[in-house]
Amino acid sequence: MANSSVDLDGLGALRRTHACGDVRADAVGEEVVLCGWVHSSRDHGGVIFVDLRDRTGIVQVVFKPDTSPDAHGKGELLRSEFVVAVRGRVDRRSDETVNAAMPTGEIEVMVDELRLLNAATPPPFAIEEEAGAEESVRLRHRLHDLRRPPLQSALAIRHRLYQSVRAILTEGGFLEIETPTLGKATPEGARDYLVPSRLQPGEFYALPQSPQIMKQLLMVAGFDRYFQIARCFRDEDLRADRQPEFTQIDLEMSFVGVDEVLEVLEELLVRSFREAAGVELPRPFPRLCYDEAMARYGSDKPDTRIQLELVELTEVFRESEFRAFRGAVESGGIVKCLPIHDAKELSRGQIDKLESFVRKELGAKGLGWVRVTDDGGWQSPIAKFLSDDERARISEATSARPGSVLFFQADAADRANAILTRLRTDLGERLGRVDGREWAPLFLVDFPLFVIEDGQFTYAHQPFVAPLDEDLPKLESDPLAVRGTHYDVILNGVELGSGSLRNHRSDVQRRILEVLGYSKEEAEDRFGFLLNALDAGAPPHGGFAFGYDRMVMLLVGADSLRDVVAFPKTQRGQDLLMGAPSRVEPGQLKELGLRPARKDEPRRDS
RNA sequence: GGGGCGGUAGUUCAAUUGGUUAGAGCACUGGCCUGUCACGCCAGAAGUUGCGGGUUCGAGUCCCGUCCGCCCCGCCA
């Protein structure tokens, strides 16, 4: 019981005149009323100094026995995080006592009256800029963590971003329209969160993975320009940049082509970053096509600030005697290289660590490497397998020179690229091979419409993406060569958002579903309502969706979504503060027609 | 589902090869102190070493299992 030992006061008629961080020299001489939390207190026996904190900042308030014996007496009871209101006079500090490190350091408040509004348990960690505690501790004590300046500031920026987005899109003629949270389960894409229906026992709603179909329906309904700051849900495993519930800026517009959508997208991003956080993104955003991104960076979300690039060597090894590499090529894979020049600082020990890292964590078969010595020789575990011609061609392709280190991957294309792109970013950052730009936005365009997965065509993004007009004739004859109208927005190597034009003609949409392997009946069964909607007079339309949480994460420089969401989930999808998910009363289940699969075991709560 | 790192006082960490009563900083509690802002000084309290089992004369330390947090692969756009 935190407050059993002290007598509390009511707030009474006392009302704030200033926020703590707003009391400055211009208020000297005024009587002010401040409310907040005791950040720290220094009791000198006589005079007591208390740093009073609210979300605007910290101000020093002073209790003196000869100014107000009553307030001073109560001031001795103050402890960290107690909630108080003080009434007092703003004094200019003497020259020797000015604290230049504090924005309010020129003044202090001489307290005449203290009201102790609430006591508080001692904080589990200091309420400071630097966390100083493990994340599990921070998550369990989320309220204290949220009092820390980085989270206060992140949520304030998050707020400004909402306001800015709404203003910009409203100005652009977009209508904000809400779509249902209780929707229909779809077999495609991510796992759905299901909600049992009480009124239709045995049936389930699904929480939306995105409002994709609903916004297309809104276009058919003639709303022309729609947006929504939508909560989305996906029941997949978490990552630092993936929470099971997240927020998207969702947007759709009619009678436009790709360029018009990208124009809106760029404008929205540039203005909202400026208005929310004073960040200036360089315009125009460069466009990079998918094939080039994969070739040069091995990734469809490259951080182009890192200057290292990959080199394609597949053809060099097609006929090679080096069986490990040739084998990868023969089974349809690729050989690629990440050359790093002037890399003498990379020690043999570090290279060994990299090898074990890519093996263990990324599933690499190995890590071939070559170090070019001062005399031009090759120090390398694989050099002995390479012919002189191969060495010459590698040198040529990678511009290898004394001091260069080359890393090789020979594997299926997606894995080789995934491994090398990871090495590229890790080593690029570690070795400082960056171009100095703070912000590197870009559009990634010309994605393929389909990809092959387990020998079956599947959509690269989602099944409603419209193909490029000129590729339409190849839809049946050469599906993999069909490019989509899909685009991604990449910022600093993070995929912020994506979109496309959608199929507004049901005949094109049906042909695509057919390529995807749906029979006519299946297509009708699963997508009939959409196909019917298209037939009801769908306008050409397209749009995009932005990962809102990721935008805030980049804006505030956080490494994790957990630092830009007020109440995030852990990697196992739990809310450690509330204790969710949790068991429910048997009666609730019965009402829903549900029965748990397993007998209840006492669940450990910690 | 898989790989990796971690879990010792409220908190951040320490504890030799397996060896006495598991220590320190900060925080906390009590006392002293009228200009501090990392206040200072004195004293004190604080632990099921995540949990369970095993090996051993003896386990924070070794072994097995399990729970929890984080990073990554798979999964996810």
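Please verify whether the range A:72-87 includes one or more residues that are within 14 Å of RNA strand B (Cβ to nearest atom) and in contact with a Ser or Thr (Cβ under 7 Å, 6 or more places away or on another chain).
Yes, there is a match, as at least one residue in the range A:72-87 is within 14 Å of RNA strand B (Cβ to nearest atom) and in contact with a Ser or Thr (Cβ under 7 Å, 6 or more places away or on another chain).
Tally up the residues in the range A:186-202 that are surrounded by 13 or more Cβ atoms within 10 Å (Cβ to Cβ) and modelled with pLDDT of 90 or more, please.
Looking only at that region, the number is 8.
Is there any pair linking a residue in the range A:558-580 that is on the phi < 0 side of the Ramachandran plot and open to solvent by less than 30 Å² (accessible area, probe 1.4 Å) to one that is β-branched (Val, Ile, Thr) and away from RNA strand B (no atom under 11 Å from the Cβ), with Cβ under 7 Å and at least six apart or on different chains, and which?
Pairs found: A:Ala558/A:Val564; A:Val564/A:Val552; A:Val564/A:Val556.
For the range A:463-476, does any single residue satisfy the condition of being within 28 Å of A:Lys365 (Cβ to Cβ) and either outside any loop (DSSP other than H, G, I, E, B) or open to solvent by 30 Å² or more (accessible area, probe 1.4 Å) (or both)?
The first filter runs over the range A:463-476 and keeps only residues within 28 Å of A:Lys365 (Cβ to Cβ), leaving none.
No, the range A:463-476 contains no residue that is within 28 Å of A:Lys365 (Cβ to Cβ) and either outside any loop (DSSP other than H, G, I, E, B) or open to solvent by 30 Å² or more (accessible area, probe 1.4 Å) (or both).
Does A:Phe246 satisfy the criteria of being more than 16 Å from RNA strand B (Cβ to nearest atom), under 30 Å from A:Arg415 (Cβ atoms) and surrounded by 14 or more Cβ atoms within 10 Å (Cβ to Cβ)?
So A:Phe246 fails the test.
Restricting to the range A:392-415, count the residues that are touching a residue at least 40 places away in the same chain (Cβ under 8 Å), over 25 Å from the mean Cα position of the chain (by Cα) and assigned to a helix (DSSP H, G or I).
5
Check the range A:159-167 and report whether any residue there is more than 30 Å from A:Ala523 (Cα to Cα) and part of a loop (DSSP other than H, G, I, E, B). Working first, answer last.
Let us first name the residues in the range A:159-167 that are more than 30 Å from A:Ala523 (Cα to Cα), namely A:159-167.
Remaining after also requiring part of a loop (DSSP other than H, G, I, E, B): none.
Scanning the range A:159-167, I find no residue that is more than 30 Å from A:Ala523 (Cα to Cα) and part of a loop (DSSP other than H, G, I, E, B), so the answer is no.
Tell me the residue from A:Ser331, A:Ser299, A:Ser320 that is within 16 Å of A:Arg415 (Cβ to Cβ) and buried (at least 18 other Cβ atoms within 10 Å of the Cβ), please.
Numbers: A:Ser331 fails: buried (at least 18 other Cβ atoms within 10 Å of the Cβ); A:Ser320 fails: within 16 Å of A:Arg415 (Cβ to Cβ).
So the residue among A:Ser331, A:Ser299, A:Ser320 that is within 16 Å of A:Arg415 (Cβ to Cβ) and buried (at least 18 other Cβ atoms within 10 Å of the Cβ) is A:Ser299.
Which count do you get for residues in the range A:115-131 that are over 19 Å from A:Leu576 (Cα atoms) and free of Cβ contacts under 8 Å to residues at least 40 places away in the same chain?
4
Within the range A:7-64, considering only strands (runs of 3 or more DSSP E) that don't extend past its boundaries, which have at least 1 residues that are more than 14 Å from RNA strand B (Cβ to nearest atom) and more than 16 Å from A:Leu77 (Cβ to Cβ)?
Details: elements: A:31-43, A:48-54, A:57-63.
Ranges flagged: A:31-43, A:48-54.
If you check A:Leu207, A:Leu218, A:Leu169, A:Leu175, which single one turns out to be surrounded by fewer than 20 Cβ atoms within 10 Å (Cβ to Cβ) and modelled with pLDDT of 95 or more? Can you show your working first?
On the way: A:Leu207 fails: surrounded by fewer than 20 Cβ atoms within 10 Å (Cβ to Cβ); A:Leu218 fails: surrounded by fewer than 20 Cβ atoms within 10 Å (Cβ to Cβ); A:Leu169 fails: surrounded by fewer than 20 Cβ atoms within 10 Å (Cβ to Cβ).
Of A:Leu207, A:Leu218, A:Leu169, A:Leu175, the one residue that is surrounded by fewer than 20 Cβ atoms within 10 Å (Cβ to Cβ) and modelled with pLDDT of 95 or more is A:Leu175.
So which of A:Leu420, A:Leu367, A:Leu386 is touching an Asp or Glu at 6+ places or on another chain (Cβ under 6 Å), touching a residue at least 40 places away in the same chain (Cβ under 8 Å) and open to solvent by less than 30 Å² (accessible area, probe 1.4 Å)? Lay out the reasoning, then the answer.
Numbers: A:Leu420 fails: touching an Asp or Glu at 6+ places or on another chain (Cβ under 6 Å); A:Leu386 fails: touching an Asp or Glu at 6+ places or on another chain (Cβ under 6 Å).
It is A:Leu367.
Sort through A:Glu245, A:Glu266 and tell me the only one that's touching a residue at least 12 places away in the same chain (Cβ under 8 Å), within 19 Å of A:Leu444 (Cα to Cα) and touching a Phe, Trp or Tyr at 6+ places or on another chain (Cβ under 6 Å). Don't jump to the end; show me each part of the working.
Numbers: A:Glu245 fails: within 19 Å of A:Leu444 (Cα to Cα).
On inspection, the qualifying residue turns out to be A:Glu266.
Only one of these is in a helix (DSSP H, G or I) and assigned by TED's automatic domain parsing to the domain that holds A:Leu169: A:Leu496, A:Leu589, A:Leu531. Name it. Outline the logic, then answer.
Numbers: A:Leu496 fails: in a helix (DSSP H, G or I); A:Leu589 fails: assigned by TED's automatic domain parsing to the domain that holds A:Leu169.
Going through A:Leu496, A:Leu589, A:Leu531 in turn, the sole match is A:Leu531.
Considering every residue within the range A:271-287, establish whether at least one is of a type in the set (D, E, K, R) and on the phi > 0 side of the Ramachandran plot.
Quick first cut of the range A:271-287, residues of a type in the set (D, E, K, R) only: A:271, A:274-275, A:280, A:283, A:287.
Cutting the leftovers down to on the phi > 0 side of the Ramachandran plot gives us none.
The answer is no; no qualifying residue exists.
Here's a check for you: in the range A:93-132, which residue that is among the hydrophobic types (A, V, I, L, M, F, W, C) and touching a helix residue (DSSP H, G or I) at 6+ places or on another chain (Cβ under 8 Å) is farthest from RNA strand B (Cβ to nearest atom)? Explain how you work it out, then say what you get.
Applying the first criterion (among the hydrophobic types (A, V, I, L, M, F, W, C)) to the range A:93-132 yields A:98, A:100-102, A:107, A:109-111, A:114, A:116-117, A:119-120, A:125-127, A:131.
Okay, now just the ones that are also touching a helix residue (DSSP H, G or I) at 6+ places or on another chain (Cβ under 8 Å), so A:107, A:111, A:114, A:116, A:125, A:127, A:131.
Working: A:Ile107: 9, A:Val111: 11, A:Leu114: 16, A:Leu116: 14, A:Phe125: 5, A:Ile127: 11, A:Ala131: 8 Å.
So, considering only residues that are among the hydrophobic types (A, V, I, L, M, F, W, C) and touching a helix residue (DSSP H, G or I) at 6+ places or on another chain (Cβ under 8 Å), the one farthest from RNA strand B (Cβ to nearest atom) is A:Leu114.
List pairs: first residue in the range A:193-212 and touching a residue at least 60 places away in the same chain (Cβ under 8 Å), second residue open to solvent by 40 Å² or more (accessible area, probe 1.4 Å) and assigned to a loop (DSSP other than H, G, I, E, B) anywhere in the structure, Cβ distance under 6 angstrom, at least six positions apart or on different chains.
Note: pairs meeting the criteria are A:Pro196/A:Leu594; A:Ser197/A:Glu203; A:Pro201/A:Gly593; A:Gly202/A:Gly593.
The values are calculated or read from the model by the stated rules, or taken from the named source; none is laboratory data. What you are looking at is a predicted structure, and each value in this text was computed from that prediction instead of being measured. We place every Cβ from the backbone using ideal geometry, glycine too, and count neighbours over all the protein chains shown. Surface accessibility is based on the protein's heavy atoms, side chains included, excluding ligands, DNA and RNA. Shrake-Rupley method; radii C 1.70, N 1.55, O 1.52, S 1.80 Å.
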